[in-house]
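Asks: Got a structure here, written out as structure tokens. Questions coming.
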Amino acid sequence: MLPPVEDAVLANNPEFAALYAKLTTSALNPDGSSKDDPAAKERGAVTEELNRYRLKAAKQSLLLDAIANANPQSLQAKPAPAPTLTKRPRAPQQATSTIAELPAPLLDLLLLLPPLLTASSELSPESTALLLSNPPLSDFPDHLPQLAALVSNHLHTSAVHLARIANPSTNPSFVHRAVPSLPTSAASLTATIADRKADLTRARLAAAASLSSLLASQTAVLAQLLRALEAKHGAVARSLELRAAEAALAAQRQHAEAEAALWLARRDAYPPAAQRALANYARHLRDARARLNEAVHTLRAELEAYGVDSVAAGTGRSGRGRQGEGHAGNGAGVP
């Protein structure tokens, strides 16, 4: 699979985008191989031969596994299946009865075939001829139908298990019908997995692009925040703050100088002798006001002693005084 490229990279590099589109559509296959390779036919033939050998090796592996698992001793060594609601566990006597039903040469053949077929080192021709000329290997053609039945039964059971895994929603009674379609199901599942991987890769690229844009936005926000902090607490802000403090100190100094000038002007306008005279005059006025108030209280007390209301007498006297002043004014006005 060709490695995908982010959309942002393609958008920022139009020439590379055109080259990438040409490579992915007309020059290269999805697996990265060239479409115009002159050795493609030879490589295809080699690939087909390799697939045949792989198929042969897979068949041999399946047969070996089936023969090894068809061994009655291995079947007897396996634990009993767990009981279910629809199926009761079999009694352990059934395995013994199955082993008892098999003939002894077939049992010997089942015991000897797995280690013989899976031996790491090849036997010499003499040893091979000796084994094939003596029982139970010499009776192999006679026991081949029963051995084939055991192997076929095991292969069918394994295929049913695979069909059950591939079709979990199918009724267990009809799972065996899906055995012939296992290759098609496996191929479709493989293709689906490849498509899902490609979709996942594209989704990861989209998520990476979104994350990159989000990080870029966060970077811009942090840059704006730093600028705001610098504007508030930076060198310019400190300079403005110092200038404001200097202006405040200058204003305080001017205020103090104005107050000092005011006191100096007062001192020049009112010398000490004038200040003492004004103070004495103010004290004299206070004393005169106090004596006047005392005389008024004394006169009111005397009037009250004679039974005259001081307030009414004061009002009548003030009225007559005003009339006399009016007559005097009128007389003064006559020639």
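The values are calculated or read from the model by the stated rules, or taken from the named source; none is laboratory data. None of these values were measured; they are calculated from a predicted model. Glycine gets a Cβ as well: all are built from the backbone with ideal geometry, and neighbour counts include every protein chain shown.
Asks: Check the stretch 136-145 and report whether any residue there is assigned to a helix (DSSP H, G or I) and within 47 Å of the chain's Cα centre (by Cα).
Replies: No, every residue in the stretch 136-145 fails to be assigned to a helix (DSSP H, G or I) and within 47 Å of the chain's Cα centre (by Cα).
Asks: Pairs please, first residue from the stretch 255-267 and under 25 Å from residue 278 (Cα atoms), second anywhere and among the acidic types (Asp, Glu) and part of a helix (DSSP H, G or I), Cβ atoms under 7 Å, 6+ apart in sequence or on different chains.
Replies: So the pair list comes out empty.
Asks: Follow-up question, since we're still on this one. So is residue 132 closer than 30 Å to residue 3 by Cβ, surrounded by fewer than 12 Cβ atoms within 10 Å (Cβ to Cβ) and hydrophobic (A, V, I, L, M, F, W, C) or not?
Replies: no
Asks: Quick one: which of 213, 188, 158 is assigned to a helix (DSSP H, G or I), closer than 30 Å to residue 234 by Cα and of a type outside the set (A, V, I, L, M, F, W, C)? Steps first, please.
Replies: Details: 188 fails: closer than 30 Å to residue 234 by Cα; 158 fails: closer than 30 Å to residue 234 by Cα.
Just one listed residue meets the conditions, 213.
Asks: Of the conditions (1) closer than 26 Å to residue 110 by Cα; (2) free of Cβ contacts under 8 Å to residues at least 12 places away in the same chain; (3) of a type outside the set (A, V, I, L, M, F, W, C), residue 168 satisfies every one except a single condition; which number is it?
Replies: The number of the failed condition is (1).
Asks: On the basis of being touching a helix residue (DSSP H, G or I) at 6+ places or on another chain (Cβ under 7 Å), assigned to a helix (DSSP H, G or I) and not hydroxyl-bearing (Ser, Thr, Tyr), does residue 237 make the cut?
Replies: yes
Asks: A further question on this structure: So how many residues does the stretch 2-43 have that are surrounded by 11 or more Cβ atoms within 10 Å (Cβ to Cβ) and either farther than 27 Å from residue 193 by Cα or among the hydrophobic types (A, V, I, L, M, F, W, C) (or both)?
Replies: 16
Asks: Among the residues of the stretch 99-113, how many are surrounded by 12 or more Cβ atoms within 10 Å (Cβ to Cβ) and at pLDDT below 75?
Replies: Summing the residues that are surrounded by 12 or more Cβ atoms within 10 Å (Cβ to Cβ) and at pLDDT below 75 in the stretch 99-113 gives 3.
Asks: Further question on the same structure: Looking at the stretch 48-65, which of its residues are of a type in the set (S, T, N, Q) and either exposed (fewer than 10 other Cβ atoms within 10 Å of the Cβ) or more than 47 Å from the chain's Cα centre (by Cα) (or both)? So that I can check it myself, show each step before the final result.
Replies: Step one: filter the stretch 48-65 for residues of a type in the set (S, T, N, Q), giving 51, 60-61.
Correct list: 60, 61.
Asks: Can you list residue pairs whose Cβ atoms sit under 8 Å apart, with the first residue in the stretch 126-145 being in contact (Cβ under 8 Å) with a residue 24 or more places away in the chain and the second being outside any helix (DSSP H, G or I)? Count only pairs 6 or more apart in sequence or on different chains.
Replies: Every condition considered, the pairs that remain are 143/103; 143/136.
Asks: Checking residue 305 against (1) surrounded by 10 or more Cβ atoms within 10 Å (Cβ to Cβ); (2) at pLDDT 85 or above, only one condition comes out false. Which one?
Replies: (1)
Asks: For the stretch 1-47, how many residues are in contact with a strand residue (DSSP E or B) (Cβ under 9 Å, 6 or more places away or on another chain) and more than 26 Å from residue 210 (Cβ to Cβ)?
Replies: Within the stretch 1-47, the subset in contact with a strand residue (DSSP E or B) (Cβ under 9 Å, 6 or more places away or on another chain) is 2, 27-28, 34-35, 40.
Right, trim to more than 26 Å from residue 210 (Cβ to Cβ) and you get 27-28, 34-35, 40.
Number satisfying all stated conditions: 5.
Asks: Related question: Does the stretch 158-174 contain at least one residue that is closer than 14 Å to residue 66 by Cα, among the polar types (S, T, N, Q), touching a helix residue (DSSP H, G or I) at 6+ places or on another chain (Cβ under 8 Å) and in the same structural domain as residue 59 (by TED's automatic domain parsing)?
Replies: yes
Asks: So which of 246, 230 ends up being of a type in the set (D, E, K, R) and surrounded by 11 or more Cβ atoms within 10 Å (Cβ to Cβ)? Spell out how you get there, then give the answer.
Replies: Numbers: 246 fails: surrounded by 11 or more Cβ atoms within 10 Å (Cβ to Cβ).
Only one candidate passes the filter, namely 230.
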